[in-house]
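Chemist: This is the structure I want to talk about, given as structure tokens.
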Amino acid sequence: MIHTDDTKSILSAVTSQKSSLAYFIEPDFELLDHLLRLDILNLRQVASVRRKETVYDRNDALLDLLTSEEQCAKFLHALQLTGQQHVVNFVKENGGQKHNHVIT
């Protein structure tokens with residue numbers, strides 16, 4: 001589980017960092033499958049993301065679908081499951097601007 005002592009929401013963090021996140025999320029190796037299994041995305045949404053031509057476009061499309069705090073929390077969990085802890089850290093550390101979080 002991911003914990004933070006910061007009052008800023010995960011949704012707000014993901015939304016505000018979207019343009020940066022699109023450069024280093026790796027959506028093509030199991031992330032979308034985990035998002036489907038965790039009920040973050042449905043089959044149509046996954047297919048729509050996969051149809052995008054570039055990895056940046058896929059990431060933009062994926063991030064646009066994250067509209068709730070619960071989805072974003074599960075998204076961070078899916079990132080951990082796919083070895084993308086660096087992305088979780090980026091989100092939790094506000095793009096490297098904060099250092100008072102605890103991630104377990």
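Chemist: By counting other Cβ atoms within 10 Å of each Cβ, how are His77, His86 ranked from fewest to most? Write down the numbers at each step before the final one.
Modeler: On the way: His77 17, His86 10.
Ascending Cβ contact count within 10 Å gives the list His86, His77.
Chemist: Express the C-alpha Rg of segment 2-103 as a ratio against the empirical globular expectation 2.2 N^0.38 Å, rounded to two decimals. Don't skip to the end; give the middle numbers.
Modeler: Working: Rg = 12.7 Å, N = 102, 2.2 N^0.38 = 12.8 Å.
That works out to 1.00 for segment 2-103.
Chemist: Moving on to the next point. Can you run phi through the Karplus equation (6.51, -1.76, 1.60; θ = phi - 60°) for segment 71-78 and list ³J(HN,Hα) in whole Hz, with x for Gly and Pro?
Modeler: 4, 5, 5, 5, 4, 4, 5, 4
Chemist: While we're here: Given a Förster distance of 25 Å, report the FRET efficiency between Leu36 and Thr15 from their Cβ-Cβ distance, rounded to the nearest 0.05. Let's see the in-between values first.
Modeler: Working: r = 22 Å, r/R0 = 0.87.
Computed FRET efficiency for Leu36 and Thr15 comes out at 0.70.
Chemist: Rounded to the nearest 0.05, what FRET efficiency do Leu43 and Leu65 give with R0 = 22 Å and r taken as the Cβ-Cβ distance? Could you check? Please report the intermediate quantities before stating the final value.
Modeler: Numbers: r = 13 Å, r/R0 = 0.58.
Result of the calculation: an efficiency of 0.95.
Chemist: Could you give me the ³J(HN,Hα) list for segment 64-70, computed from phi with Karplus coefficients 6.51, -1.76, 1.60 and θ = phi - 60°, whole Hz, x at Gly and Pro?
Modeler: Once rounded to whole Hz, the list reads 5, 7, 8, 10, 9, 4, 4.
The numbers here are math on the coordinates, done by the rules we state, and not lab data. Please read all numbers here as calculations on a predicted model, not as lab measurements. Ideal geometry is used to build each Cβ from the backbone, glycine not excepted, and the neighbour counts take in all protein chains shown.
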